[in-house]
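**Student:** Could you have a look at this structure, given as structure tokens, before my questions?
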Amino acid sequence: MKLGLFGFGCVGQGLWKVLHETKGIRADIKRICIKHPDKQRPVPGHFFTTNPLDILDDPEVDIVVELIDDAEAAFAIVSAALERGKAVVSANKKMIAHRLPELYSLQQKTGAPFLYEGACCASIPIIRNLEEYYDNDLLTSVEGIFNGTTNVILSKIFDENISFREALAYAQANGFAESDPSLDVDAFDPKFKLCILLLHAFGVFVAPEKVLNLGVGRINDFDIQFAQSRGQVIKLIARCYRESDKVGGYCIPRFVHRKHRYANVRNEYNAVTLESAFSEHQTFVGKGAGDKATGCAVLSDISALRYQYKYEYRKFSQNGTFFDITDTELKVYVRHAFEGQVDEADFISIEERYSSANARYWIGKIRLQQLQQARWLFDPEVNVVEWSGV
Ligand SMILES: NC(=O)c1ccc[n+]([C@@H]2O[C@H](COP(=O)([O-])OP(=O)(O)OC[C@H]3O[C@@H](n4cnc5c(N)ncnc54)[C@H](OP(=O)(O)O)[C@@H]3O)[C@@H](O)[C@H]2O)c1
């Protein structure tokens with residue numbers, strides 16, 4: 001197999017390393033398209049080009065591997081490659097989550113395979129599992145810790161008793177968080193992965209704009225002490241679920257007990273739990289980011305192309321499910337600063353209330369749709385954490 005690679009940053013170089021350390025896969029990188037020709041590179045200069053057509057129009061290249069950090073340019077590359085009948089592998093969750101309907105149609109039209117295991121929780125083999133092993137309608141939910149950066153921050157906070165600000169500074173200084181960490185901290189990244197899994201788990205295309213994402217950036221010392229006083233830690237959880245023909249999803253921080261399986265998933269590790277009628281729950285844990293961890297998921301897709309593997313999207317063509325969150329109820333902790341800041345009328349019931357000179361909180365039941373539309377939801381002084389009670 002001859003590969004044309006786009007991008008030679010963290011994941012591109014990770015793929016280079018795992019490819020050269022894996023005997024038994026006969027795949028060679030023929031050309032690498034990058035953006036900045038003057039950057040120092042750890043491999044010889046003759047591999048590099050800045051002209052995408054050097055790869056896209058090369059008849060010898062059978063597989064295009066797209067590993068760039070620009071979602072718009074990535075979509076142009078992926079669609080041009082599929083149009084030319086080339087197989088494509090990508091790890092670009094932002095691009096895929098936003099363009100899934102078009103990417104699905106392109107695969108149907110051209111017959112060319114498009115694989116993207118590395119886009120969802122890096123090294124955890126989840127998409128192919130959902131496609132092949134969970135190929136029935138008994139799956140009831142898919143959830144877990146889908147973002148390594150926020151998991152590093154939350155692990156630091158609860159393992160070392162430090163503030164959110166200190167933990168974020170640690171994550172940035174050690175290469176776990178970008179200088180602009182908003183895609184991770186505000187929970188967009190795990191939401192993109194959730195949108196991809198919604199299609200492979202339950203057969204629905206859901207635009208990211210429809211799914212609520214609440215990040216971890218508003219966690220303060222009061223929330224941390226509250227969690228500790230109840231024997232809990234906080235994890236950022238993405239979740240999708242099916243109830244008869246309705247499918248829903250959201251991405252919200254959650255209190256989990258220190259003894260819960262998620263509490264032991266620390267730092268850049270991710271976890272994915274699948275629940276189904278007969279096997280009950282199964283949790284996969286693995287590195288959710290990093291050069292080799294993501295590179296090996298990309299390599300696994302390349303390897304699958306040797307036997308003409310492609311996603312069948314069987315659940316999409318099989319069932320009549322649709323995205324609808326009107327009946328979904330959540331139990332949430334809502335910390336706020338003063339009376340009247342949060343509307344009590346938005347809640348179905350409030351089970352616990354606390355107020356002091358420093359802070360106040362409620363724990364109560366609310367409909368997900370109501371929460372998503374609440375006037376106070378993005379008030380910087382309000383923090384919402386799901387209260388799972390486990
Ligand atoms: N990092 C992870 O752990 C991880 C995990 C899972 C998925 N992903 C996904 O993998 C993709 C790559 O991430 P990364 O961390 O490897 O990014 P990165 O380190 O920032 O590298 C990005 C690469 O893309 C190249 N590039 C940008 N725009 C380009 C264009 N228009 N044409 C050609 N090349 C272009 C850059 O070229 P220059 O070198 O010339 O600047 C660079 O080599 C992203 O979609 C990301 O979401 C990353």
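**Student:** Ordered by residue, what ³J(HN,Hα) values in Hz, to whole numbers, does segment 219-236 give under the Karplus form 6.51 cos²θ - 1.76 cosθ + 1.60, where θ = phi - 60° and Gly and Pro are x?
**Tutor:** So the Karplus estimates, Gly and Pro as x, are 5, 10, 4, 4, 4, 5, 5, 4, 4, 5, 5, 9, x, 10, 10, 10, 10, 8 Hz.
**Student:** Which value results when the Cα radius of gyration for the chain is divided by 2.2 N^0.38 Å?
**Tutor:** That ratio works out to 1.03.
**Student:** On a straight-distance basis, which lysines could pair with K109 in a cross-link, Cα separation under 18 angstrom, same-chain partners fewer than 8 positions away excluded?
**Tutor:** By straight Cα distance, K109 reaches K86, K310.
**Student:** Would you mind listing how long segment 295-390 runs along its three principal axes, going by Cα atoms, in whole Å with the largest first?
**Tutor:** 64, 35, 27
**Student:** Give K30/K287; K94/K235; K210/K259; K23/K315; K35/K235 a once-over and call out the pairs whose C-alpha atoms are over 24 Å from each other.
**Tutor:** From K30/K287; K94/K235; K210/K259; K23/K315; K35/K235, over 24 Å: K30/K287; K210/K259; K23/K315; K35/K235.
**Student:** Can I ask one more? In whole Hz, what ³J(HN,Hα) sequence does segment 145-152 give by Karplus (6.51, -1.76, 1.60; θ = phi - 60°), x for Gly and Pro?
**Tutor:** In residue order, the calculated couplings are 9, 9, 10, x, 4, 5, 6, 4 Hz.
**Student:** Further, regarding this structure: If amide H atoms are built 1.01 Å from N in the plane of the peptide, which residues on other chains or at least 5 residues away come under 5 Å of the amide H of Y311?
**Tutor:** F114
**Student:** Okay, next question. Scan around V65 for amide H atoms under 5 Å from its own, H built in the peptide plane at 1.01 Å from N, and keep only partners 5 or more places away or cross-chain.
**Tutor:** G4, L5, F6, V89
**Student:** Sort Y269, Y262 by accessible area with a 1.4 Å probe, largest first.
**Tutor:** Y269, Y262
**Student:** How would you order 174-181, 140-147, 309-316 from highest to lowest mean count of nearby Cβ atoms within 10 Å?
**Tutor:** The densest-packed peptide leads the list: 140-147, 309-316, 174-181.
**Student:** Next question. Report the rotationally averaged projected area of segment 55-98 based on its alpha-carbon convex hull, in square nanometres.
**Tutor:** Mean projected area for segment 55-98: 2.8 nm², to one decimal.
**Student:** Which of the three applies to segment 344-390, rounded, prolate or oblate, going by the alpha-carbon gyration tensor with a ≥ b ≥ c and a/c under 1.5 meaning rounded?
**Tutor:** Oblate shape, in that a/c is at least 1.5 and b/c is the bigger or equal ratio.
**Student:** HN-Hα J couplings of segment 55-63 from phi, Karplus 6.51/-1.76/1.60, θ = phi - 60°, integer Hz, Gly and Pro as x?
**Tutor:** 9, 4, 9, 8, x, 6, 7, 9, 10
**Student:** Placing +1 on the Cβ of each Lys and Arg and -1 on the Cβ of each Asp and Glu in the chain, which of H98, F284, P253 has its Cα farthest towards the positive end of the resulting dipole?
**Tutor:** F284
**Student:** Identify which of G14, G320, G203 has the largest mean-square fluctuation in a Gaussian network model of the chain, with springs joining Cα atoms closer than 10 Å.
**Tutor:** Result: G320 has the largest fluctuation of those listed.
**Student:** Which three numbers, in whole Å and largest first, are the semi-axes of the equivalent ellipsoid of segment 246-330 derived from its Cα gyration tensor as √(5λ)?
**Tutor:** Semi-axes from the Cα gyration tensor: 27, 24, 12 Å.
**Student:** Largest first, please: the extent of the C-alpha atoms of segment 138-262 along each principal axis, to the nearest Å.
**Tutor:** 44, 33, 20
**Student:** Right, next: List the residues whose amide H sits under 5 Å from the amide H of L236, counting only those 5 or more places along or on another chain, with H placed 1.01 Å from N in the peptide plane.
**Tutor:** R254
**Student:** For segment 1-144, treating each Cα as an identical point scatterer without solvent, what Debye log10 I(q)/I(0) comes out at q = 0.16, 0.20, 0.22 1/Å?
**Tutor:** Normalising to I(0) and taking log10 leaves -0.90, -1.33, -1.53.
The values are calculated or read from the model by the stated rules, or taken from the named source; none is laboratory data. Given the structure is predicted, the values throughout are model-derived calculations rather than measurements. Note: ideal-geometry Cβ built from the backbone for every residue, glycine included; neighbour counts use all protein chains shown. Side chains included, ligands, DNA and RNA excluded: accessible areas come from the protein's heavy atoms. Shrake-Rupley method; radii C 1.70, N 1.55, O 1.52, S 1.80 Å.
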